[in-house]
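Nothing in this text is a laboratory measurement; each read-out follows from the coordinates by a stated rule. Since this is a predicted model, take the numbers as computed values, not measurements. Glycine gets a Cβ as well: all are built from the backbone with ideal geometry, and neighbour counts include every protein chain shown.
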Amino acid sequence: MIERASSKDLNEILEVINTSNREAFSKIVPKEYFKSPILTLEELKRDFEVMEFYVYRLNGRIVGVAALQVESESTGRIRWVYILPEFQRRGIGTALIKHIEFRARELKLRKLWLVTPEKAYWAINFYRKLNYEVTSKIERAWGFDVVMEKELKQTTYYW
């Protein structure tokens, strides 16, 4: 079940992000550049003030998280998309992204974008399946991150 996160969820969200990040990216980012934990509680609290966090709860436990950061009247950024390793490949990430896209349309956003490491082929493939396209690269000390974007079509309902 997807729901908007509350401040009571912060510690559990932090655990999902840091555990999942360590599992996924410690193998592709060189040790000297890999930050673990990727996020502190203080940083998460700051992000919580400027982003909408959504969690996927399974049997009362948060197993996935994603955030929407509205940047302008027309653009939003997807942040902190993480699913605990043992719950991946079950559609949870897809459900969270589709939920964020729905919310973005409610806010009349026309474009969403995100950043992921170029070597994270699984993440790039995941977002491509959801119709995100690589639009540019950002050079990092260890390689490149890719910027992926998706134009959102506004849905019109006729009753």
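Annotation: aspartates and glutamates with alpha-carbon distance below 20 angstrom to Lys137 (same-chain offsets under eight excluded): Glu71, Glu118, Asp145, Glu149, Glu151. Rounded to the nearest 20, the Cβ-based charge dipole of the stretch 2-151 about its Cα centre (Lys and Arg +1, Asp and Glu -1) stands at 400 debye. For Asn125 and Ile28, FRET efficiency with R0 = 22 Å and r from the beta-carbon atoms, rounded to 0.05? Given R0 = 22 Å and the Cβ-Cβ separation, E is 0.95.
Could you tell me which of rounded, prolate or oblate describes the stretch 2-151, using a ≥ b ≥ c as the square roots of the eigenvalues of the alpha-carbon gyration tensor, with rounded for a/c under 1.5 and, failing that, prolate when a/b is larger than b/c and oblate otherwise? Verdict is rounded for the stretch 2-151.
If amide hydrogens are placed 1.01 Å from N in the peptide plane, which non-local residues have theirs closer than 5 Å to the one on Val81? Answer set, sorted by chain and number: Ala67.
Sequentially through the stretch 40-54, phi angles give Karplus couplings (6.51, -1.76, 1.60; θ = phi - 60°) of 9, 4, 5, 5, 4, 4, 5, 4, 4, 6, 10, 10, 9, 9, 10 Hz, Gly and Pro residues having no value and appearing as x.
The stretch between Asn11 and Lys111, if pulled fully straight at 0.36 nm per residue, gains 33.0 nm over its current Cα-Cα span. Put simply, the convex hull of the Cα atoms in the stretch 60-123 casts, on average, a shadow of 5.0 nm². Result for the chain in a Gaussian network model with C-alpha springs under 10 Å: among Glu118, Glu15, Glu49, the largest mean-square fluctuation is at Glu49.
Hey, how much of the P(r) for the stretch 21-60 falls beyond 16 Å, as a percent of Cα pairs? The answer is 57 percent, as a whole percent.
To check you understand DSSP bridge types, tell me what percent of the beta bridges within the chain (both residues inside) are antiparallel, rounded to 5. Can you show the working numbers first?
Numbers: 30 of 33 bridges.
So the antiparallel bridges amount to about 90 percent of the total.
Across the options Pro37, Gly143, Asn125, the greatest Cα extent toward the positive end of the charge dipole of the chain (unit charges at beta carbon of Lys, Arg, Asp, Glu) belongs to Asn125. Calculated mean residue ellipticity, 222 nm, the chain: -10000 deg cm²/dmol, from DSSP H runs (n ≥ 4) at -39500 (n - 2.57) each, averaged per residue and rounded to 500.
Beyond 20 Å in Cα-Cα separation lie the following of the pairs Lys111/Lys153; Lys35/Lys98; Lys31/Lys129: Lys35/Lys98; Lys31/Lys129.
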